[in-house]
Amino acid sequence: MSTKRDYYDILGVGRQASDAELKSAYRKLALQFHPDRNPGDQSAEEKFKEAAEAYEVLRDPRKRQIYDQYGHAGLEGTGFTGFGGFEDIFSNFGSIFEDLFGIRGNRHGTRGRAQRGSDLRYDLRLSFMEAVFGVEKSLEVEKRETCAVCGGTGCEPGTQPETCGQCQGSGQVTRSQGFFTLRTTCPRCRGTGQIINTPCGHCRGVGQVNTMRRVSVKIPAGVDTGSRLRLAGEGEAGSAGGPPGDLYVVIHVEPHDFFKREGRDVICQVPVSMVQATLGGEIKVPTLDGEKPLQIPKGTQFGDVFRFRNAGIPSLRNGDRGDQIIQVLVRTPTSLNRKQENLLRQFADIEAGKLGSKLKNMLKGGGAKAAN
Ligand SMILES: [Zn+2]
Ligand SMILES: [Zn+2]
């Protein structure tokens with residue numbers, strides 16, 4: 001990890017590269033070093049992985065910003081630590097590959113061979129408080145699962161598939177066209193080498209059925225919009241004995257009426273009366289953990305900021321909490337009774353003496369010089 005190359009160097013683009021430039025640079029490298037084109041070539045495999053990782057980071061504006069600012073070390077804090085191997089890349093990159101090459105997640109070609117199931121994405125909305133403190137959720141996920149009646153073979157129980165007569169079970173046929181001999185996937189069995197004469201009545205011979213499944217997921221405290229949780233093996237069933245895909249839960253956090261989030265800090269604004277601000281005193285402030293008293297000093301100004309340490313949002317990594325930042329908004333009274341108004345007028349008369357001399361100085365001196 002420590003000797004990683006610069007992501008921009010890997011893709012051969014400048015630091016200001018646009019999304020389109022990144023994509024086109026990555027596409028070129030991915031095609032050049034793709035494992036299907038370089039079977040058994042270790043250095044091509046490394047380059048392919050390197051390019052995939054660089055693109056994965058730079059295409060994501062948030063990760064790119066972290067990388068630009070803190071380099072590789074910064075990304076380790078986000079939980080992104082590169083890719084382990086090919087399967088890993090392909091499981092993460094289903095959408096990129098679809099996007100780039102117009103293919104769906106699997107690269108294992110023909111039917112009949114074991115294929116990993118597709119990954120699924122579930123967009124989960126959480127309330128602000130659920131995201132702050134974590135929550136357990138039960139998700140209803142529709143996915144393809146292996147047919148329980150035929151066990152995925154597609155044959156009615158008690159019957160057997162027949163060997164395809166057109167390709168003799170190889171799944172491929174050769175055709176001659178002039179000087180050329182073309183090998184193509186057998187059109188009759190579509191590459192499986194077998195023909196199902198008595199399809200399973202439950203899945204109509206597909207071997208898989210769409211099922212609604214309840215999946216329980218523990219959301220850790222401190223997630224934010226864009227956080228992604230991977231539930232291994234909860235994606236769609238693989239075919240012909242292949243492993244299932246994964247389920248990615250993508251978090252969307254609803255805004256709160258009162259609290260705003262900034263990283264691990266939570267920010268709120270509290271109204272106080274003009275008199276409270278002037279004389280100082282204790283006010284009540286809502287926090288993530290309930291109401292707490294806050295002492296504001298004499299002469300508090302509009303917009304003054306106070307802080308409760310460790311009353312913010314827990315870090316996903318170690319649970320350490322940020323702070324709560326409280327901004328005071330001083331309210332001018334709008335409906336005074338006669339007595340209040342009279343008192344304020346008396347107050348104003350006393351003030352006028354002080355302010356009056358200050359104002360006179362300002363008018364005499366003119367401008368900023370006399371203002372102090
Ligand atoms: Zn079936
Ligand atoms: Zn065939």
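Computed from the coordinates by the stated procedures, all read-outs in this text should not be read as laboratory data. Since this is a predicted model, take the numbers as computed values, not measurements. Glycine gets a Cβ as well: all are built from the backbone with ideal geometry, and neighbour counts include every protein chain shown.
What the table shows:
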item	result
Spin-label model distance (nm) - GLN32 vs MET212, 7 Å beyond Cα toward Cβ	5.1 nm
Estimated FRET transfer efficiency (GLU136, ALA232; beta-carbon r; R0 22 Å; 0.05)	0.75
Alpha-carbon gyration tensor eigenvalues x 5, square-rooted, for the stretch 293-349, Å	40, 11, 8
Within the stretch 1-62, trypsin sites (Lys or Arg not before Pro) in DSSP loop having at most 15 other beta-carbon neighbours inside 10 Å	LYS4, ARG5, ARG15, ARG37, ARG59
Spin-label model distance (nm) - ASP320 vs ARG15, 7 Å beyond Cα toward Cβ	2.7 nm
Average projected area [Cα convex hull, the stretch 260-334], square nanometres	5.0 nm²
Under 5 Å, built H, 5+ apart or other chain: amide partners of LYS292	VAL285, THR287
Dipole of the chain, positive direction: furthest Cα of VAL285, ASN342, THR332, with charges on the beta-carbon	ASN342
³J(HN,Hα) computed for each position of the stretch 47-60 - Karplus, 6.51 cos²θ - 1.76 cosθ + 1.60, integer Hz, glycine/proline x	5, 4, 5, 4, 5, 4, 5, 4, 5, 4, 6, 6, 6, 9
Within the stretch 318-355: backbone nitrogen closer than 15 Å to the GLU262 label point (7 Å, Cα to C-beta)	322-329
Alpha carbon centroid spacing (whole Å) that separates the stretch 198-245 from the stretch 290-365	55 Å
Sites matching chymotrypsin sites (Phe, Trp or Tyr not before Pro) across the stretch 274-318 that sit in DSSP coil, with at most 16 neighbouring C-beta atoms within 10 Å	PHE302
Free-standing Cys, the chain [no other Cys Cβ under 4.7 Å]	CYS155, CYS268
Amide H within-cut-off set for GLN208, under 5 Å, with H built and near neighbours excluded	CYS147
FRET efficiency, 1/(1 + (r/R0)^6) with R0 25 Å, evaluated for GLU254 and LEU329 via beta carbons	0.55
Share of alpha-carbon pairs per 20 Å distance bin for the chain, given as whole %	19, 37, 25, 13, 6, 1
Reachable lysines, given that their alpha-carbon falls under 27 Å from the alpha-carbon of LYS284 and they are not under 8 places away in the same chain	LYS260, LYS292, LYS298
Rough spin-label spacing in nm, given labels placed 7 Å along Cα→Cβ, for ARG204 and PHE302	6.8 nm
Cα-centre dipole for the chain with unit charges at Cβ (Lys and Arg positive, Asp and Glu negative), debye to 20	1000 debye
Fewest-first sequence of LEU58, LEU336, LEU229 by Cβ atoms within 10 Å of each Cβ	LEU336, LEU229, LEU58
Charge dipole of the chain about the Cα centre (unit charges at C-beta), most positive-ward option of VAL215, ALA148, ASN361	ASN361
